[in-house]
Amino acid sequence: MRVLVIGQGGREHALVWRLNQSPSVRKIFCATGNPGINQHAEPVPIPASDRAALVAFARANQVDLTVVGPDAPLGDGIVDDFAAAGLRIFGPSKAAARIETSKSFAKEIMARAGVSTAAHAVFDDANGARRYVRERGAPIVVKADGLALGKGVTVCLDVESAIHAIDEAMEAGTFGKSGDRVVIEEFLTGEEISFFALCDGESAIPFGSFQDHKAIFDGDRGPNTGGMGAYSPVPRFTPALEQRVMREIVEPVLRTLAAQGVPFRGLLFAGLMVDDDRISVVEFNARFGDPESQALMMRFEGDLGETLLAAAEGRARGLTLRISPKSAATVVLASSGYPGEYRKGVPIRGLEQLEGASVPSELKVRWSLGRIRVKVFHAGTALRDGQLVTDGGRVLAVTALAPDLRTAIETAYSAADLIEFEGKYCRRDIGHRALERLSA
Ligand SMILES: Nc1ncnc2c1ncn2[C@@H]1O[C@H](COP(=O)(O)OP(=O)(O)OP(=O)(O)O)[C@@H](O)[C@H]1O
Ligand SMILES: [Mg+2]
């Protein structure tokens, strides 16, 4: 089949890379692509916001399946537009994507489905919101209802910062319309785990567990980013826990959405807080995560094209997803200054050592055993006069697959160290929670 992927980051590079290895896939287009993606896909210079042009492109180029990476086009209804044109697309409709694009909607669905989540209240007026946090006290969490580039959530350790967060969202308009409504919720403690489920509207299949590292600095300090690294699977996320999450969270949510006439097709990403026996939902996303997908695609061994098509066509039931029991670790190389201001256009060197035959000998010996693999996914790169340069805050996602987590992490770091660009920054403690547990 012919596949169109929408997006241009590390997540999309990982999806395109795996699609390229799918026996069912003959041709890949990517709107808009990046230098890594373009090794496997034909770039299409249409922005995700131009839905009509994307529909026209898919029609004119006999695209059999479109796969949507980012949240914004899903929230804008790209799936509805493709469906109306009779085109197959992997992702939820605009109405079903509200599980991500409206935090108050997600809370409503969870309440109906009987899913455990932080106690909360929803406000459309700032006075009511301020009164509520004064009553409740801190710690407390203030969330802009809508999409806010991952910046709409403030975990507040005192009442003053909660009041400030409400003012920012509801009065200063920092998040635009997304902040007109806020959800204020109980502060949850525990360990965060991401869980993916592949959904076809009625049934769901587990698609991996992950731990992301959102904060910019080691020890989870500093401002939040799009994600500085991830690993999969999460050792403490046992098969028993996975079964509970499917039974107590994913399946009831799918049933509730379907009963409301908005069946969810696509990738349901549950952000979970696990505290001993209590599993609560922190949030849902309606798409693959980044950088979780980079780790997942290293572990996934099946035909991704056929798998996503089956979900899009409502045929997920009975599908078995071939996922390697090995561990994958992803280390993000970022531009210094990110998530604040950073430079672009900085030359990147050393990548060819990881792609070609010139892997340094001590690493080659280990990697050539075939049990360890390394892949560098491009997140924010560009080509300038044939030279690869930085073009974003998150630049590359160095991903390793190995028989055990410790080796995967060590390998990802030794590969990351071979890549050079001025201002290169990465967290040095990806996977620290799992490693501490392993050595305890
Ligand atoms: N109730 C809570 N208690 C404690 N921490 C929380 C709570 N809600 C959110 N957080 C923290 O804030 C982070 C962001 O929250 P949330 O996932 O709801 O926001 P988001 O902007 O939709 O994130 P993403 O960009 O991952 O989709 C969470 O990963 C978690 O660390
Ligand atoms: Mg979210």
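The values are calculated or read from the model by the stated rules, or taken from the named source; none is laboratory data. Owing to the predicted nature of the structure, the values given are computational and were not obtained by experimental measurement. Don't worry about glycine lacking a Cβ; one is built from the backbone with ideal geometry, like all the others, and counts go over all protein chains shown.
When the stretch 262-302 is filtered for residues that are near ligand 1 (Cβ under 10 Å from one of its atoms) and assigned to a loop (DSSP other than H, G, I, E, B), the ones remaining, listed by number, are A286, R287, G289, D290. With the structure loaded, tell me whether D180 is more than 16 Å from ligand 2 (Cβ to nearest atom), modelled with pLDDT of 95 or more, surrounded by 14 or more Cβ atoms within 10 Å (Cβ to Cβ) and not small (G, A, S) or whether it fails that test. The answer is yes for D180. Answer with yes or no whether F123 is away from ligand 2 (no atom under 16 Å from the Cβ) and over 23 Å from F187 (Cα atoms). No. Reported count of residues in the stretch 323-348, each being of a type in the set (G, A, S) and either over 17 Å from M228 (Cβ atoms) or part of a loop (DSSP other than H, G, I, E, B) (or both), is 6. Yes or no: A162 more than 15 Å from ligand 2 (Cβ to nearest atom) and in contact with an Asp or Glu (Cβ under 6 Å, 6 or more places away or on another chain)? No, not satisfied.
Annotation for the stretch 129-142: at least one member residue is within 10 Å of ligand 1 (Cβ to nearest atom) and out of contact with any strand residue (DSSP E or B) (no Cβ under 6 Å at 6 or more places or on another chain).
When F29, F90 are checked against the criterion of being aromatic (F, W, Y) and either more than 22 Å from F264 (Cβ to Cβ) or surrounded by fewer than 17 Cβ atoms within 10 Å (Cβ to Cβ) (or both), F29 stands alone in meeting it. One residue is enough: does the stretch 382-399 have a residue meeting the conditions closer than 15 Å to A328 by Cα and out of contact with any strand residue (DSSP E or B) (no Cβ under 9 Å at 6 or more places or on another chain)? Within the stretch 382-399, none of the residues are closer than 15 Å to A328 by Cα and out of contact with any strand residue (DSSP E or B) (no Cβ under 9 Å at 6 or more places or on another chain).
Only one of the listed residues (A286, A310) is in contact (Cβ under 8 Å) with a residue 12 or more places away in the chain and more than 16 Å from the chain's Cα centre (by Cα). That residue is A310. Of all residues being within 16 Å of ligand 2 (Cβ to nearest atom) and in a strand (DSSP E or B) in the stretch 185-210, which is farthest from P139 (Cα to Cα)? Just the residue, please. It comes out as A197. Of the helices (runs of 4 or more DSSP H) lying entirely inside the stretch 1-79, none contains at least 3 residues that are free of Cβ contacts under 8 Å to residues at least 24 places away in the same chain and within 25 Å of V262 (Cβ to Cβ). Of the strands (runs of 3 or more DSSP E) lying entirely inside the stretch 118-183, those containing at least 3 residues that are farther than 19 Å from G222 by Cα are 120-123. In the stretch 229-246, the residue that is farthest from F377 (Cα to Cα) out of those that are part of a loop (DSSP other than H, G, I, E, B), more than 19 Å from the chain's Cα centre (by Cα) and not hydroxyl-bearing (S, T, Y) is R236.
State whether the residues of the stretch 242-255 include one that is away from ligand 2 (no atom under 16 Å from the Cβ), closer than 24 Å to A408 by Cβ and surrounded by fewer than 19 Cβ atoms within 10 Å (Cβ to Cβ). Checking the stretch 242-255: at least one residue is away from ligand 2 (no atom under 16 Å from the Cβ), closer than 24 Å to A408 by Cβ and surrounded by fewer than 19 Cβ atoms within 10 Å (Cβ to Cβ).
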